[in-house]
Amino acid sequence: MAFVLLVVGVGSCKAPERRPDPFGEAVAAADAVWERRAQSGGFDEAERAYSALLGRRPTASAVLWRQARVAWSRALSEPGRAERWHEVGRELALRCLAATPAVAQALIATGDRIDRTLPLAQSAPACRVYAAAHIVRLVALRGPGAALELEDATGLLTDLGMAEEPAVLAWAQGWLRVLQGRESAEAREALLAALRASPGVTFYREQALAAFPDVDGSLPAFIPDPAWALENGADTR
C-alpha cells in the first residue's frame, strides 16, 4: 500500500512552470520577420524590429549579432555599398562583443585591438563569427593594404567551436586562410563546408569557385534558397 501511495505521490508532482520571457518572445517574433524578408521585398521591416528591441536593451548580444547578420545580407544584396554595410556590421558585432563586461574592459586595455588576451570565450559565439566575417570581407574588398586587420579576425576565430551561423563561420575561416596564403587544403575544406551549410546561397558557391576553380565539376547543381532571394539576386564575387 505504501508503495502504491509513493508512486501516486511521485506521479502527481507538477513540473515547474516556465516563467514568461517577453523579450525572448519578441526576439523570436523579429526572427520570423527576418525569415520573411524575401517575401516582403526588403530588410527594412526586420531591421526595424531588431532596432526596437535594442531600444529596450541596448546591450542585448542576442539582438546585436542579429543586426550584424542583417548588415551581412545587405552587403550581399547591394554590392555597390558592400564595404559600407560591412563596416556597419563590424561595428555592430564589436558592440556585441563589448556587451560582455569582461571583454569591454579588456578592449580598453588593448586599445580596441582584438588578440588572444581577450576573454572572448565569455562572449556570444555569433558575435565573434560576424565580427570576423565582416573584417575578412572588408580586407577582401579593400586589398592587401588592409591586411593588418586580419590579425583581429584570427583572434576572433581562434578556439571557436560550433556557432549559430555555420556557413558564415566556415566562410570566414576559409577566406581568412586564402587571404593569408596558407593551408590551402584547410581553406578549401572550410569554403566547401560553408557551401554545404547553405547550398542555396549564391555567395558561398561563388566564393568557393573564386578560390578553387577546380571544384566546379564536383559541386552539386545549384538550387536557390527562396529565403535568400534578395542576397542571391546580386553578383557577390
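The values are calculated or read from the model by the stated rules, or taken from the named source; none is laboratory data. This one's a predicted model, so the numbers in the text were calculated from it and none came from an experiment. Every residue, glycine as well, gets a Cβ built from its backbone with ideal geometry; the counts of neighbours run over all protein chains shown.
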Residues located in the range 195-215, provided they are farther than 26 Å from Gln122 by Cβ, hydrophobic (A, V, I, L, M, F, W, C) and part of a helix (DSSP H, G or I): Leu195, Phe203, Ala208, Leu209, Ala210, Ala211, Val215
Taking Glu183 as meeting all but one of (1) modelled with pLDDT of 95 or more; (2) more than 20 Å from Gly89 (Cα to Cα), write down the number of the exception. (1)
Residue count, the range 93-120 (criterion: touching a helix residue (DSSP H, G or I) at 6+ places or on another chain (Cβ under 6 Å) and β-branched (Val, Ile, Thr)): 3
Are there any pairs with C-beta distances below 6 angstrom linking a residue in the range 60-72 that is farther than 14 Å from Arg84 by Cα to a residue that is of a type in the set (D, E, K, R), with the two at least 6 apart or on different chains, and if so which? Leu64/Arg95
Mind checking which pairs have a first residue in the range 32-53 that is touching a residue at least 40 places away in the same chain (Cβ under 8 Å) and at negative phi and a second that is assigned to a helix (DSSP H, G or I) and among the basic types (Lys, Arg), Cβ under 8 Å, 6 or more apart or different chains? Phe43/Arg37; Phe43/Arg74
Only one residue in Leu209, Leu176, Leu156, Leu160 is hydrophobic (A, V, I, L, M, F, W, C), surrounded by fewer than 20 Cβ atoms within 10 Å (Cβ to Cβ) and at pLDDT 90 or above. Which one? Leu209
What pairs can you find where one residue is in the range 115-142 and modelled with pLDDT under 90, the other is of a type outside the set (S, T, N, Q), and their Cβ atoms are less than 6 Å apart, with a gap of 6+ or different chains? Asp115/Gly155; Arg116/Gly155; Leu118/Val103; Leu118/Ala106
Among Arg188, Arg177, Arg196, Arg205, the single one that is closer than 15 Å to Ala140 by Cα and over 15 Å from the mean Cα position of the chain (by Cα) is Arg177
Can you say whether Leu209 is without any contact (Cβ under 8 Å) to a residue 24 or more places away in the chain and more than 27 Å from Gly155 (Cβ to Cβ), as far as the supplied structure shows? yes
